[in-house]
1. What are the residues in region 45-54 that are surrounded by fewer than 19 Cβ atoms within 10 Å (Cβ to Cβ) and either under 18 Å from the mean Cα position of the chain (by Cα) or within 22 Å of MET144 (Cβ to Cβ) (or both), if any?
2. Looking at VAL132, is it open to solvent by 40 Å² or more (accessible area, probe 1.4 Å), aliphatic (A, V, I, L, M) and out of contact with any Pro (no Cβ under 8 Å at 6 or more places or on another chain)?
3. Scan region 356-380 for residues that are at pLDDT 95 or above, in a loop (DSSP other than H, G, I, E, B) and farther than 29 Å from LEU269 by Cβ and jot them down.
4. Does region 108-123 hold any residues that are open to solvent by less than 20 Å² (accessible area, probe 1.4 Å) and more than 22 Å from PRO40 (Cβ to Cβ), and which are they?
5. Kindly establish whether HIS324 is assigned to a loop (DSSP other than H, G, I, E, B) and not hydroxyl-bearing (Ser, Thr, Tyr).
6. Identify the residue in region 247-263 that is within 19 Å of SER348 (Cβ to Cβ) and out of contact with any Gly (no Cβ under 9 Å at 6 or more places or on another chain) and, among all such residues, is least open to solvent (accessible area, probe 1.4 Å).
7. Do the conditions hold for GLY353, that is, is it in contact with a Lys or Arg (Cβ under 8 Å, 6 or more places away or on another chain) and either modelled with pLDDT under 95 or not in a helix (DSSP H, G or I) (or both)?
8. Quick check on my filter: what residues within region 327-350 are in a helix (DSSP H, G or I) and more than 12 Å from LEU269 (Cα to Cα)?
Amino acid sequence: MKHLTHILILLPLILGAGCGDSDTASSSEAWVWDLPDTVPEPRVPEDNPMTAPKVELGRFLFYDKKLSGNQTQSCGTCHLQELAFTDGLAQAEGSTGQIHPRSSMSIANAGYAASLTWANEAMVMLERQALVPIFGEDPVELGMANMEDELLRRMRDDERYPEMFAAAFPDQADPINLDSITKAIAAFQRQVTSFKSPVDRWQQRDLTALNESEQRGMALFFGGTNAAGVEDAFECFHCHGGFLFSQSSDDAGQVFNQKFFMNNGLYNLDGDGSYPPGNEGMYEMTGDPLDKGRFKPPSLRNIAVTAPYMHDGSIATLEEVLDHYARGGRLIESGPNAGDGRNNPNKSALLNGFEMTEQEKQDLIAFLRALTDDELLNNP
């Protein structure tokens with residue numbers, strides 16, 4: 001893909017920037033994580049320690065339209081705080097108006113993600129991922145390809161940035177460089193955590209945090225017996241378990257790789273497991289037909305405010321999401337994407353469909369809504 005080629009060319013410049021300079025945080029600058037006891041600290045790269053000046057610089061950069069070629073968009077354009085840092089669109093729109101094949105993922109808790117995009121197991125570092133929206137060409141997001149010098153000029157000409165870069169990277173003689181930009185943005189993203197939902201309060205023994213419907217939904221989500229007498233009928237937690245409500249998670253204490261991708265029967269073009277061209281999941285990276293339709297199951301935290309759903313935004317509501325899983329795969333009866341996802345040969349063995357009463361559906365949705373962290377959505 002075009003953007004990967006360009007970014008690979010940039011990597012030596014970025015990884016080599018500031019060589020010989022120390023990025024070690026002093027004890028007075030040590031970052032303090034605001035996390036509950038039930039949540040571990042995220043993994044932080046040794047060459048990009050967390051400091052308050054760096055996070056503040058990253059926050060400014062995240063919302064600065066100077067980071068787009070035509071200065072019409074910032075990172076924050078596609079990652080709106082009130083929507084848990086998504087954009088409410090089925091498919092993201094770049095600064096040049098190009099529509100992307102996939103929807104914008106939330107950056108909340110991105111520091112805990114075992115992989116950072118929908119279907120690229122190699123993209124695991126926020127510092128490197130930041131290059132894709134800035135310089136990517138296929139598709140164009142911020143559109144700064146071949147404008148690296150212009151980007152740095154904009155930073156140097158801004159009255160705020162020279163002082164902010166110097167404070168964030170005090171050991172560098174010339175801190176305004178691509179390495180510092182990506183490290184600052186990554187530091188800001190890494191501290192955007194979301195663990196203050198009603199479900200979190202319940203797990204911290206606040207027994208008033210969840211009502212009866214939310215409690216019933218939680219029991220069903222984690223393997224309870226449904227009305228038909230089937231234990232673990234819904235199997236939600238197999239793909240959306242753990243503190244992140246996604247099996248694809250990472251933290252400072254994890255030793256083993258937790259990257260996880262699956263096919264959930266969303267499409268089955270021509271009955272051979274294919275997904276729409278240009279949006280075929282890991283297959284686009286590996287070329288292995290068994291990887292067609294394999295995507296990362298996203299975190300369900302704040303899921304109620306991140307509609308529409310799935311990698312391409314093709315399901316509008318949580319009710320429709322549950323109906324999709326209850327059927328065991330989506331049926332598209334006509335059109336270019338016609339096919340029965342229930343019969344997709346690559347579909348995960350965990351997705352076999354289930355019986356669900358209307359009350360069980362409403363209880364599950366109530367639980368999913370209780371994963372909303374209002375403080376995240378409104379924190380100034």
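1. If we filter region 45-54 for residues that are surrounded by fewer than 19 Cβ atoms within 10 Å (Cβ to Cβ), which is where we start, we get 45-47, 49, 52.
Those that are surrounded by fewer than 19 Cβ atoms within 10 Å (Cβ to Cβ) and either under 18 Å from the mean Cα position of the chain (by Cα) or within 22 Å of MET144 (Cβ to Cβ) (or both): none in region 45-54.
2. Numbers: open to solvent by 40 Å² or more (accessible area, probe 1.4 Å): no; aliphatic (A, V, I, L, M): yes; out of contact with any Pro (no Cβ under 8 Å at 6 or more places or on another chain): yes.
It is false that VAL132 is open to solvent by 40 Å² or more (accessible area, probe 1.4 Å), aliphatic (A, V, I, L, M) and out of contact with any Pro (no Cβ under 8 Å at 6 or more places or on another chain).
3. Residues of region 356-380 that are at pLDDT 95 or above, as a first pass: 356-378.
Right, trim to in a loop (DSSP other than H, G, I, E, B) and you get 356-357, 370-373.
Passing the criteria: THR357, ALA370, LEU371, THR372, ASP373.
4. First pass over region 108-123, keeping only residues open to solvent by less than 20 Å² (accessible area, probe 1.4 Å): 108-115, 119.
Matches in region 108-123: ALA119 only.
5. Numbers: assigned to a loop (DSSP other than H, G, I, E, B): no; not hydroxyl-bearing (Ser, Thr, Tyr): yes.
Spelling it out, it is not the case that HIS324 is assigned to a loop (DSSP other than H, G, I, E, B) and not hydroxyl-bearing (Ser, Thr, Tyr).
6. Of all residues in region 247-263, those within 19 Å of SER348 (Cβ to Cβ) come to 247-249, 257-263.
From what's left, out of contact with any Gly (no Cβ under 9 Å at 6 or more places or on another chain): 248, 257, 259-260.
On the way: SER248: 2, ASN257: 107, LYS259: 66, PHE260: 57 Å².
It comes out as SER248.
7. Details: in contact with a Lys or Arg (Cβ under 8 Å, 6 or more places away or on another chain): yes; either modelled with pLDDT under 95 or not in a helix (DSSP H, G or I) (or both): yes.
In short, yes.
8. Kept after step one, since they are in a helix (DSSP H, G or I), are these residues of region 327-350: 327, 341-343.
The one that is in a helix (DSSP H, G or I) and more than 12 Å from LEU269 (Cα to Cα): ARG327.
The values are calculated or read from the model by the stated rules, or taken from the named source; none is laboratory data. Computed from a predicted structure; not experimentally measured. All Cβ positions, even for glycine, are placed from backbone atoms using ideal geometry, and neighbour counts span all protein chains on display. Quick note on the areas: whole protein, heavy atoms, side chains included, nothing else; ligands and nucleic acids left out. Shrake-Rupley method; radii C 1.70, N 1.55, O 1.52, S 1.80 Å.
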